[in-house]
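The values are calculated or read from the model by the stated rules, or taken from the named source; none is laboratory data. Please read these numbers as outputs of a predicted model, since none were measured by experiment. Here the Cβ positions follow ideal geometry from the backbone for every residue, glycine too, while neighbour counts run over all protein chains shown.
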Amino acid sequence: MIRVQNLSKAYGPTTAVDKISFNISKGEVVGFLGPNGAGKTTTMRMLTGFIGADGGSIKIDGKSLWDDVEAAKSCIGYLPENNPLYADMMVLEYLRFIGRMRGMSSEKLDEQIPKYMKLYGLTEVGSKDIGELSKGFRQRVGLALASLGDPPIMILDEPTNGLDPNQIIEIRNLIKEIGKTKTVILSTHNLSEAAATCSRILIINKGSIVADDATEALSNKNLGVVIKARIKCDGDLKSKLKALCGIKEVRDIVRDNDWNAVTLAMDTGSGDEAGQIIFDAAVAGGWKLGELRVQTASLEDVFTKLTQDQ
C-alpha cells in the first residue's frame, strides 16, 4: 500500500530525513513516533505530496508519488497537525465546499457527507459555524474532511493535540473505527495513545528509523523481558537460576521468610517463553512457586531508550 525507499530531505545544512525506508501494508494501523525535530512531520508531508523530497521514492498503492501525483494523492486522506478549517462556514457547507473543490459530484457528496457526519458524530452540529465548535469537534470535522472520497489511506498528524482527556478517548475510538477499513498512519506524542491504537510502531530519531516492529514485540526486543517470581527451594537459588538457559541476569533476590522474591532479566523475546523457562525449572527442581509474573516495559521506556541523546 505504501512503499518508501531511501527517502531524504534537508533544509540547508540540516538533514531532516536521512535515507529512510519502510513498507506499510493494507489494513495496518501504524504509529509514527519521534521526539520534536526527529523528522516525523517532514516525512508525513512528503508522503502526502505536500513537500518534495531531495532523494528516494514513495509509492502509494503502486503509484509513484513523483510520476503520478494526482493519482497517488487520490488514495490519501490527510489530517495535518494544524487542522486548517474555515471558521465562518457551517460544517455541512464546508464539507460540501471542499468536496466540490476536489471534483466530487453532487450525487457522491449527497451519499458520503451524511455517512461521515454520522460516523464522526457531527450530525447534530451540521448547521453550526465551525468557529463555534470545541477543539474536539473541529478535529472530527477534519477527520470527516480527510475521509471525503473514501481514500484507502488515512494519514493523521497529531490528531489529539490540544484535546482534553475525554476528547482524546473519543478521537482514539474514531481512529480505531477508521482502522477497520483503511490503512492508517498516526503521528503522535501521546505514547499511550499509540500503544492503545496501533498494531505497529515506527520510531524515527535524528532523521533515521530506529525501530519498526509490532507494538507488543517492541518492548521485549529492545528492553528484554523481566520476570518477577516468588520461589521457595533448598540450596543456592541464585546459582540454580544462573545455570538456566535464557537467564540473562539475576537482578535481585530478596528473602521473605521461607520465600525468595526474585527479579530476572531474560534473553528470550517472548514473555510466555520466559515464564515457561522458570515454570519448567520449578517443576524439574521441585521448587514451590508463589508468584510468576512477566513485567513488560512500556512504550515510553522503549521510546526513551531509542531516542535519548547518547
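With respect to the numbered conditions (1) outside any strand (DSSP E or B); (2) surrounded by 19 or more Cβ atoms within 10 Å (Cβ to Cβ), which one is the sole condition not fulfilled by Ala217?
Among (1) outside any strand (DSSP E or B); (2) surrounded by 19 or more Cβ atoms within 10 Å (Cβ to Cβ), Ala217 violates only (2).
On the basis of being within 20 Å of Asn166 (Cβ to Cβ), free of Cβ contacts under 8 Å to residues at least 60 places away in the same chain and in contact with a Ser or Thr (Cβ under 9 Å, 6 or more places away or on another chain), does Leu119 make the cut?
yes
Being free of Cβ contacts under 8 Å to residues at least 60 places away in the same chain and not assigned by TED's automatic domain parsing to the domain that holds Thr15 narrows it down to one of Leu241, Leu133, Leu174, so name that one.
Leu241
Working only within region 158-177, note down all residues that are not in a loop (DSSP other than H, G, I, E, B) and not charged (D, E, K, R).
Those that are not in a loop (DSSP other than H, G, I, E, B) and not charged (D, E, K, R): Pro165, Asn166, Gln167, Ile168, Ile169, Ile171, Asn173, Leu174, Ile175.
Restricting attention to region 60-107, which residues are among the charged types (D, E, K, R) and in contact (Cβ under 8 Å) with a residue 24 or more places away in the chain?
The answer is Asp61, Lys73, Glu81, Asp88, Arg102.
Taking region 208-227 on its own, how many of its residues are modelled with pLDDT of 90 or more and over 15 Å from Cys198 (Cβ atoms)?
So the count comes out to 3.
Go through region 60-117 and count every residue that is closer than 23 Å to Asp129 by Cα, surrounded by fewer than 17 Cβ atoms within 10 Å (Cβ to Cβ) and aromatic (Phe, Trp, Tyr).
Final tally of qualifying residues: 2.
Mind listing whichever residues of region 16-51 are assigned to a strand (DSSP E or B), of a type in the set (Gly, Ala, Ser) and buried (at least 17 other Cβ atoms within 10 Å of the Cβ)?
Ala16, Gly31
Would you confirm whether or not region 160-173 contains a residue that is in contact with a helix residue (DSSP H, G or I) (Cβ under 6 Å, 6 or more places away or on another chain) and of a type in the set (Lys, Arg)?
yes
For every residue, the table says whether it meets (1) farther than 21 Å from Val184 by Cα; (2) in contact with a helix residue (DSSP H, G or I) (Cβ under 6 Å, 6 or more places away or on another chain).
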| site | (1), (2) |
| --- | --- |
| Lys9 | yes, yes |
| Ala16 | yes, yes |
| Ile24 | no, no |
| Gly34 | no, yes |
| Gly39 | no, no |
| Thr43 | no, no |
| Asp54 | yes, no |
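Is region 178-191 home to any residue that is within 18 Å of the chain's Cα centre (by Cα), assigned by TED's automatic domain parsing to the domain that holds Ile60, basic (Lys, Arg) and part of a loop (DSSP other than H, G, I, E, B)?
yes
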